[in-house]
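Take a look at the structure below.
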Amino acid sequence: MSVRAMSCKAGMIAVVIVILLVGCKGSQPAAVSGSGSETSPVPAADRANGVPSSSGGTRVAYIHDPSLEMNAIAVTIPASWQFDSVFLQGGTCVPTPFGVFRATRPDGMSMVERMPSLAWAWGQGPMIGYMPKTDCLPMKGPMSAQDFLKFMAQTMNVHYDSDLQVPPAEEAKAQKQLSDAHDSYAAKFAAAHLQQPKQTRELARAAVSFTKGTTAMKGLLDVTVDCTETQYAGQSGLSNGSPGHPPQIVAGHASTVDKCVASVTYYAAPANQLAALMQQWEAPGMGTKPMDDWVQAWIARSNLESQRAIADMNDRMRRQREANAAQFAHSMAVQQQMHDQFMQTMQEGHEHFMVQQQANQNARAASASDWVDFALDRQTVMNTNTGLVYKISNQYTINSPEEVQMHGNGTAWNSPQ
């Protein structure tokens with residue numbers, strides 16, 4: 001699998017996750033357009049327990065995304081409640097954005113809070129070593145949604161009273177959202193020749209209790225845990241990446257990366273008011289809904305960023321290939337120069353050796369000729385006019401080159417003195 005394919009896969013997974021995170025726990029609110037908030041009439045009388053009537057008196061508040069300068073999520077709340085929110089762009093373990101809010105009854109005793117999304121990751125193979133995990137939870141394996149709520153209760157320092165059943169209609173709706181998101185991107189994964197990640201969704205609820213001052217409080221923790229298991233082909237692995245550069249694809253080992261993202265909503269009220277609070281917030285039209293135009297804008301920006309990242313990666317790879325080619329050419333030129341110098345040195349050495357050998361041979365030949373002349377009482381003379389060398393008896397003397405005469409057998413002499 002190429003770096004580009006992995007980037008495409010990660011981009012599509014991110015889009016699916018963001019759609020699930022921002023829309024998994026809410027229903028269609030009344031009036032979700034515009035900015036600020038919209039209010040419906042507040043009933044003239046409240047219930048005796050202090051909880052406003054669930055039959056009306058709501059308004060729509062918005063969680064604003066400052067990066068896109070758009071309202072991202074609409075939240076329908078009781079009209080008189082206070083609303084505080086922030087839009088978080090995500091981190092390294094949860095790379096997708098999410099909205100966080102707290103809606104509080106005017107007396108401050110009841111509240112509904114959408115907590116930040118929390119995630120943890122684990123797996124095997126080279127890919128897990130390169131997964132950013134700086135803001136992940138410390139869990140290193142699978143955890144059920146119910147066990148996660150026990151972990152949250154301990155973290156929040158509230159007493160975990162009991163497990164609660166998730167309403168069947170809510171369970172069915174959540175699973176349908178997951179199935180629809182999976183089906184909507186199946187064709188894109190197939191077109192990119194990528195294996196679609198395995199996605200699961202689990203819902204859970206728990207009853208908790210604590211004390212606020214002297215008031216006995218009851219709470220309900222509601223969680224959706226979305227898990228994604230991604231397989232990376234065994235034909236490709238990753239080498240160590242240098243700072244500022246991504247890991248390089250090498251032939252190697254298969255990888256399996258699992259990641260779970262938990263979205264928690266917390267309801268709390270005086271013990272005798274929690275049931276009415278839940279009835280109010282679970283009424284049709286209450287809760288959260290992502291803004292359609294924001295979702296489309298976020299997906300468009302995500303796709304653009306992915307394309308830029310791929311283009312930048314391709315450019316870095318191209319420049320790296322060019323640098324490698326230049327380095328290879330330089331290395332080959334240096335090796336060729338070294339080879340030429342070596343061959344020249346060898347040739348010069350061989351020529352010097354041959355000259356020396358010839359000199360030695362000439363010296364040996366001259367020495368042997370002298371011994372023969374001595375044994376035969378001869379001498380070697382040269383006619384300086386012709387350059388010819390002659391063997392003559394030691395009994396003759398040569399006064400001039402003209403005195404050397406040729407004999408029939410090639411030996412020259414002149415008359416003795």
| task | Between beta-carbons, use under 9 Å as the cut-off and find the net charge around Pro270, counting Lys and Arg +1, Asp and Glu -1. | result | +2
| Per-residue HN-Hα couplings for region 107-114, Karplus 6.51 cos²θ - 1.76 cosθ + 1.60 at θ = phi - 60°, whole Hz, x for Gly and Pro? | 7, x, 8, 10, 7, 10, 10, 9
| request: Express in whole angstrom the spacing between the alpha-carbon centres of region 292-335 and region 147-197. | output: 35
| remark: Burial-style ranking of 255-268, 377-390, 189-202, average other-beta-carbon count within 10 Å with highest first, yields 255-268, 189-202, 377-390
| What's the extension gain from Ala190 to Glu171 if we count 0.36 nm per residue and subtract their Cα-Cα distance? | 4.0 nm
| query | If we count every other residue with Cβ under 12 angstrom of Gln124's Cβ, Lys/Arg +1 and Asp/Glu -1, where does the sum land? | reply | -1
| query | Which pairs, out of Lys173/Lys289; Lys176/Lys218; Lys150/Lys212; Lys176/Lys259; Lys188/Lys259, put more than 25 Å between their alpha-carbon atoms? | reply | Lys176/Lys218
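Read the figures in this text as sums done on the coordinates, not as results from a lab. Computed from a predicted model, the values in this text were never measured in an experiment. For neighbour counting, all protein chains shown are included, and Cβ atoms are generated from backbone atoms with ideal geometry for every residue, glycine included.
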